[in-house]
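These notes are about the structure you will find just below.
Just so it is clear, none of the values below were taken in a lab; they were calculated from the coordinates. None of these values were measured; they are calculated from a predicted model. Note: ideal-geometry Cβ built from the backbone for every residue, glycine included; neighbour counts use all protein chains shown.
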Amino acid sequence: MLNYQTRHSLNRSPGSVSPGRDMGGIWLHGAEVTLEEVEQVVERHGLDGNIVQDIFDKNELPRIEYDESKNIYMFLRIAWRSKSKEIRTAPLLAVACGDDYITLSQTKSPQSSELAQLNSKNKDTVMSLLYTFASVIDNYEQLVHATADSVRNIKYRLRRHEATNEDFLQFITIEENLATYLYNLTAMLSMAERFREDKHSKLSLDHIEALEDVMLHIKQLKANVNSSVSAVSSIQNVYSTVSNNTLNQRMKLLTVVTLLVTVPNVFYGMYGMNVALPMAKEPWAYGAIVGFTVILMLILAIIVRRSKLL
């Protein structure tokens, strides 16, 4: 769906405008755009159709492109959290086209809805491009912080009880989310560096300052993500060590219990045979055998204790 808005002066609010009116100085936002709508936008604004068509590639990487009309095409990756707590991403195309500013996305994610309410009062289309870029990165910041909180919560929970299958599945989801953050942030940082150095962009000092602020923000988020990756790795290593130690302690305990149970059975087994044995007919034999086995078990327990097997 395409939504046209006028781009007024800085002291006025943006207003809707129909596509049939004079299209100068508008902001066009399209969410869940169809092929027909994209062709309509390309024809109406004189865009490069080959570049704009890439919005339908779900795996499109962040990049910056230019056409013969000096229009600037910026592909970004918007992100949102699904109901399964996995991070989903999709391409977002932002175009600075003369006095007009265009944003297109094939999905209707929460982030796409936020972009639909982006302040469109700025007449500088390149600055609007950078504002959109900054808005996308701000959304990544919220997701990264939420994931970091999840890592801390799991760490505290593992201190109170043993890990369950649900905990391991959550770890897998967190690792995949962190990899998604790092992959997309790295790609957008590379795109921003190229945009800053590209001679075709002709950025002003204000543009460069705004772009460098976004780049700094991305680097900080990458450091945050790497910190969470290290935390997850440390938790897994520690839990693996604790699990192995717990297993070893339990195996030792089972071995000692088996030994203590087996030794009395040797004597009881002998007196269960149809063979004449000493004291077999004495009335005090049963008590003597039981007392002897108890003493023997205590001696074994003391030996095990001093040997630090438990």
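Can you tell me the FRET efficiency between L216 and D54 if r is taken as the Cβ-Cβ distance and R0 is 35 Å, rounded to the nearest 0.05?
Efficiency, rounded to the nearest 0.05: 0.80.
List the pairs from K85/K222; K70/K108; K108/K199; K85/K155 whose alpha-carbon separation is above 24 Å, in the order I gave them.
Values: K85/K222 20 Å; K70/K108 29 Å; K108/K199 34 Å; K85/K155 18 Å.
Beyond 24 Å between Cα atoms: K70/K108; K108/K199.
Obtain the nm distance between the two label points defined at H161 and E32 by a simple spin-label model: each point lies 7 Å from its Cα along the Cα-to-C-beta direction.
4.0
Please quote Rg/Rh for region 215-258 to two decimal places, taking the Kirkwood radius as Rh and restricting both calculations to Cα atoms.
Reported Rg/Rh (Cα atoms, Kirkwood Rh): 1.47.
How far is the Cα center of region 45-73 from the Cα center of region 130-196, in Å?
28
Going by average Cβ density within 10 Å per residue, which order do the peptides 39-51, 89-101 take, highest to lowest?
Put in order of decreasing packing, that is 89-101, 39-51.
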